[in-house]
Amino acid sequence: MGNGIRIPFSFLLILVLFFHSTPQISATGYPINVWPKPTTFSWPEPRITLLSPNFTIFSPSNPYLNQVAKRYRNQFINEHYHPLVDPPVNLTGLPPLRSLDIKLIYGNPPRLACELYIHDEPLFPYRGVMLDTSRNFYGVTDLLRLIKAMSMYKLNVLHWHITDSHSFPLVLPSEPELAKKGAYGEEMMYTPEDITKVVEFGMEHGVRIMPEIDRPGHTASWAEAYPDIVTCTNMFWWPAGADLFNRLAHEPATGQLNPLTMNTYKVVKNVIKDVVSMFPDSFYHGGADEITPNCWKSNKTIQYFLAKNGTLSQLLEMFVNSTLPYIINQNRTVVYWEDVLLDPNVSVAASVLPQKNVILKTWNNGPNNTKKLVEAGYRVIVSSAEFYYLDCGHGGWAGNDSRYNQPPGTNLGNGSSWCAPFKTWQTIYNYDITYGLHIEEAKLVLGGEVVLWSKQADPAVMDPRIWPRASAMAETLWSGNRDSTGMKRYAEATDRLNEWRNRMVTRGIGAEPIQPLWCIRNPGMCNTIQPFKLS
């Protein structure tokens with residue numbers, strides 16, 4: 001094989017599944033600026049050697065492995081990333097290596113770290129990003145860029161919140177009218193070919209694509225095609241004089257599927273069938289959040305049902321009982337938002353949600369709701385708004401919000417952003433998603449997911465809204481946020497995250513900076529507590 005380097009298949013799998021990029025050697029206190037930090041590593045004598053221009057990766061014949069091997073080989077040879085701080089590591093006189101375990105590669109000409117050994121595995125199997133493409137539309141190229149960035153940090157699930165009350169951009173063969181009438185326009189739709197492209201790109205980058213079609217709430221966009229199955233459509237969401245509880249929706253626009261209309265289930269099952277055929281992932285997100293009582297109460301058929309001693313929770317139970325078994329029969333595990341079990345006004349009994357087939361996603365009340373769900377025996381994905389909502393802190397989006405019309409000096413509180421303040425990368429990094437759980441309870445936590453709702457986001461701001469804050473969660477879910485002594489390691493993490501943010505930018509990801517360059521080139525000088533004595 002000449003000067004090529006042959007990587008055994010086991011090591012290639014480590015490279016594919018664990019690294020997803022080529023970190024560089026650092027000149028600062030922590031010897032290797034890799035993110036996420038590996039579980040364990042050893043580099044007793046820091047040295048480097050050159051990478052042969054004939055470097056080759058061999059792998060079994062598999063279309064996804066072949067693509068990964070080709071991509072990384074080209075990246076190793078051609079990227080020529082230059083670290084923000086030059087590594088003070090000596091170049092050996094050795095010829096290019098013929099075999100290796102795992103090598104860190106950087107520079108021009110490419111250099112490899114010698115005698116570096118890493119054992120790595122994730123703390124949590126589920127490490128995700130949720131993107132909402134209903135409020136504002138994102139093109140396929142935006143989704144591919146997001147997947148590419150996710151793969152750099154070993155994030156492995158894109159939760160695609162495709163539809164909502166605002167638009168229905170997904171073209172479905174069995175129900176084409178939903179997108180035809182519910183999308184923002186012909187140029188703002190996802191065709192089956194688009195879905196295939198996104199799913200395949202995800203497979204090539206180690207990222208699963210979990211689809212979410214939210215219902216029975218958040219379905220105003222369905223009414224454009226099927227007005228008979230949606231209640232309280234085209235109504236103003238907050239009637240004059242109504243209090244918070246008596247709104248018709250949690251936000252504009254209004255509309256919820258009617259569980260008492262038989263055509264509802266015909267349409268929903270067609271949607272499920274098509275989505276399952278498009279997305280091969282074993283998880284199917286069924287929504288089931290934020291049922292607004294007055295939207296259902298406005299419907300005459302439902303009014304009659306309630307007058308006969310029926311309840312809104314019975315309506316939701318009817319809907320779940322009619323749709324959950326159908327999804328399970330499609331060989332899918334169903335993910336619901338926590339509301340389906342925990343909402344104080346409209347929810348179902350645990351007996352309706354079999355633990356074997358249902359995973360619950362928590363977003364309210366921080367670790368308290370996580371505790372409630374695992375105590376009930378459910379597997380949980382954590383997306384606590386207090387820590388993981390990336391859209392928070394940008395103000396409200398109602399056009400006539402009188403809370404802004406205040407004299408100078410007035411305390412505007414959270415600025416009309418319900419989940420303010422802005423969630424900094426430090427806030428995200430320091431959150432322990434199993435906080436307060438016993439060992440057995442913690443085993444039910446599959447992982448976590450940062451969330452970008454698109455009420456005030458679109459492709460123009462997607463990258464800086466997500467990155468590098470999502471990177472902070474990525475490390476905590478991979479190897480934790482504490483050092484070997486149990487201390488939080490956010491201080492030393494800063495230098496590594498600075499370096500990786502810069503690497504993202506060189507790869508076309510518009511991640512926002514977390515510090516001035518001066519701080520990066522003067523290690524320790526931007527800390528709040530001086531870590532060393534000045535001479």
query: Do the conditions hold for R503, that is, is it open to solvent by 10 Å² or more (accessible area, probe 1.4 Å), charged (D, E, K, R) and over 30 Å from E375 (Cβ atoms)?
result: no
field: Verdict on Y336 being farther than 19 Å from N294 by Cβ, among the hydroxyl-bearing types (S, T, Y) and either in a loop (DSSP other than H, G, I, E, B) or open to solvent by less than 20 Å² (accessible area, probe 1.4 Å) (or both)
entry: yes
query: Out of (1) in contact (Cβ under 8 Å) with a residue 40 or more places away in the chain; (2) touching a strand residue (DSSP E or B) at 6+ places or on another chain (Cβ under 9 Å); (3) open to solvent by 10 Å² or more (accessible area, probe 1.4 Å), the odd one out for M189 is which?
result: (1)
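For every residue, the table says whether it meets (1) of a type in the set (V, I, T); (2) open to solvent by less than 40 Å² (accessible area, probe 1.4 Å); (3) over 25 Å from D132 (Cβ atoms).
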| site | (1), (2), (3) |
| --- | --- |
| Y429 | no, yes, no |
| D432 | no, no, yes |
| V445 | yes, yes, no |
| L452 | no, yes, no |
| A457 | no, yes, no |
| P464 | no, no, no |
field: Any chance G310 is more than 29 Å from the chain's Cα centre (by Cα) and open to solvent by less than 30 Å² (accessible area, probe 1.4 Å)
entry: yes
statement: Flagged pairs (Cβ under 9 angstrom, 6 or more apart or on separate chains; first in the range 49-60, in contact (Cβ under 8 Å) with a residue 24 or more places away in the chain and over 17 Å from N108 (Cβ atoms); second in a loop (DSSP other than H, G, I, E, B) and basic (K, R)) are T56/R6; I57/R6; F58/R6
task: Could you please let me know if G202 is under 23 Å from A149 (Cα atoms) and in a loop (DSSP other than H, G, I, E, B)?
output: no
field: Cβ-Cβ under 8 Å pairs, at least 6 apart or on other chains, the range 63-84 side of a type in the set (G, A, S), far side open to solvent by 60 Å² or more (accessible area, probe 1.4 Å)
entry: A69/F58
task: Examine the range 296-307 for a residue that is modelled with pLDDT of 95 or more, out of contact with any Phe, Trp or Tyr (no Cβ under 7 Å at 6 or more places or on another chain) and not in a helix (DSSP H, G or I), and state whether such a residue exists.
output: yes
- prompt: Name the residues in the range 521-535 that are within 22 Å of P88 (Cα to Cα), open to solvent by less than 100 Å² (accessible area, probe 1.4 Å) and either modelled with pLDDT of 85 or more or under 34 Å from the mean Cα position of the chain (by Cα) (or both), would you?
  reply: N522, P523, G524, M525, C526
query: Is there a residue in the range 374-387 that is out of contact with any Leu (no Cβ under 9 Å at 6 or more places or on another chain), within 22 Å of L158 (Cβ to Cβ) and aliphatic (A, V, I, L, M)?
result: yes
- request: Scan the strands (runs of 3 or more DSSP E) fully inside the range 111-181 and keep the ones with 3 or more residues being within 25 Å of T233 (Cβ to Cβ) and open to solvent by less than 10 Å² (accessible area, probe 1.4 Å).
  value: 157-163
- prompt: Which condition number in (1) open to solvent by less than 50 Å² (accessible area, probe 1.4 Å); (2) out of contact with any strand residue (DSSP E or B) (no Cβ under 8 Å at 6 or more places or on another chain); (3) closer than 17 Å to D343 by Cβ is the one that F245 fails?
  reply: (1)
- prompt: Of the residues that make up the range 344-365, is at least one polar (S, T, N, Q), touching a residue at least 12 places away in the same chain (Cβ under 8 Å) and open to solvent by less than 20 Å² (accessible area, probe 1.4 Å)?
  reply: yes
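The values are calculated or read from the model by the stated rules, or taken from the named source; none is laboratory data. In this text the structure is predicted, and so the values were computed from the model without any measurement. Positions of Cβ are generated from backbone atoms using ideal geometry, with glycine treated the same way; all protein chains shown enter the neighbour counts. All accessible areas refer to the heavy atoms of the entire protein, side chains included, with ligands and DNA or RNA removed. Shrake-Rupley method; radii C 1.70, N 1.55, O 1.52, S 1.80 Å.
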